[in-house]
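Visitor: One structure, pasted below without further comment.
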């Protein structure tokens, strides 16, 4: 009797997928990275948010899906919409820490799926032509060994059935880590830090582009990239972000 291992792969793959894995938050059994209890506790309720930058709003108007926060009323960002999964607060921030600072790459698809669920709750259809991830500089990429935003973007690309373009925007100069500098210094830090990869510039014209990032704090990085793409002819920019730093926490940064 001949044994063909290749014929067993589909069965083994299905078996592995059905083995419970620990919930990333409470470590109880979970089939999807986050157990049902933690999902309902932290992710099921969606607070009203600014349609542009996803800052939490103190009120909800069911008749108006384009509510803006005070900052966006004063100055509209270059991007058109931001969709986030959660606020960047304990204990949910540990998912970012595990991925970003402990190289736990199993967090990336979990975070990607949670963004997809947030997209599903959005009242407006979201259909980007393609996706890009916020690029890291070469030095940071060597230090970390991976781009956390790109790892998250892979799950979104599959779920949204949108191509993931790897080389459209590049970081043309190294910058300080945004998390290590003050709120006021962040805009200056990323100014003119990005450039278009010329071989792919033709993809931009009249396109709806989705930008993926792990955390949005001041929004300066996403603003810089969105402004660059709009100047190059992009029709619409939507940010897909796992965690948004609440405005009240910006005073501490």
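Visitor: Would you mind checking region 139-162 for residues with the amide N under 17 Å from a putative spin-label position 7 Å along Cα→C-beta of residue 106?
Guide: So the set is 152.
Visitor: For every helix of n ≥ 4 consecutive DSSP H residues, a contribution of -39,500 (n - 2.57) applies; sum these over the chain, divide by its total residues, and give [θ] at 222 nm rounded to the nearest 500 deg cm²/dmol.
Guide: Values: 10 runs with 91 residues, N = 253.
Computed mean residue ellipticity for the chain: -10000 deg cm²/dmol.
Visitor: Here is a further query. Mind sorting 156, 164 by how few other Cβ atoms lie within 10 Å of their own Cβ, fewest first? Intermediate results must be reported in sequence, preceding the final value.
Guide: Numbers: 156 23, 164 18.
Fewest to most other Cβ atoms nearby, the residues stand as 164, 156.
Visitor: Of all DSSP beta bridges located in the chain, what percent are antiparallel, nearest 5?
Guide: On the way: 6 of 26 bridges.
Around 25 percent of the beta bridges assigned by DSSP in the chain are antiparallel ones.
Visitor: Hey, another quick one. So what's the angle, to the nearest 10 degrees on a 0 to 90 scale, between helix 5-17 and the longest Cα principal axis of the chain?
Guide: With both axes taken from Cα atoms, the answer is about 60 degrees.
Visitor: Can I ask one more? Classify the chain as rounded, prolate or oblate from the Cα gyration tensor: take a ≥ b ≥ c as the square roots of its eigenvalues, call it rounded if a/c is under 1.5, otherwise prolate when a/b beats b/c and oblate if not. All intermediate terms of the calculation are to be shown ahead of the outcome.
Guide: Numbers: a/c = 1.59, a/b = 1.31, b/c = 1.21.
Verdict is prolate for the chain.
Visitor: Please list, by residue number, everything in region 204-239 whose backbone N is under 11 Å from a paramagnetic label point 7 Å out along Cα→Cβ of residue 61.
Guide: none
Visitor: Taking the beta-carbon count within 10 Å as an exposure proxy, list 161, 188, 113 from fewest neighbours to most. Working shown, then result.
Guide: Values: 161 7, 188 12, 113 18.
If I rank by nearby Cβ atoms, fewest first, I get 161, 188, 113.
Visitor: Still on this structure: Would you list 51, 28 from fewest to most Cβ contacts within 10 Å? Show your work: numbers first, answer last.
Guide: On the way: 51 21, 28 12.
Ranked by crowding around the Cβ, least crowded first: 28, 51.
Visitor: For the Cα atoms of the chain, what angle does the longest principal axis make with the long axis of helix 93-102, in degrees from 0 to 90, nearest 10?
Guide: 80
Visitor: If contacts are Cα pairs under 8 angstrom and at least 6 residues apart, what is the relative contact order of the chain in percent? Let's see the in-between values first.
Guide: Working: 406 pairs, mean separation 51.9, N = 253.
Answer for the chain is 21 percent.
Visitor: Right, another one. With labels modelled as points extended 7 Å from the Cα through the Cβ direction, what inter-label distance (nm, one decimal) is found for residue 163 paired with residue 46?
Guide: 2.9
Visitor: For a quick check, take a GNM of the chain with Cα springs below 10 Å and name the residue from 147, 31, 239 with the largest mean-square fluctuation.
Guide: Highest fluctuation among the options: 31.
Visitor: What spacing in nm lies between the two simple spin-label points modelled at residue 206 and residue 32, each 7 Å away from Cα in the Cβ direction?
Guide: About 3.8 nm, to one decimal.
Visitor: By how many degrees, 0 to 90 and rounded to 10, does the Cα axis of helix 107-121 deviate from the longest principal axis of the chain?
Guide: In the chain, helix 107-121 runs at an angle near 60 degrees to the longest axis.
Throughout, read-outs are computed from the coordinates displayed, never taken from laboratory work. Not measured: the values here are computed from a predicted model. Note that each Cβ is placed from the backbone with ideal geometry, even for glycine, and that neighbours are counted across all protein chains shown.
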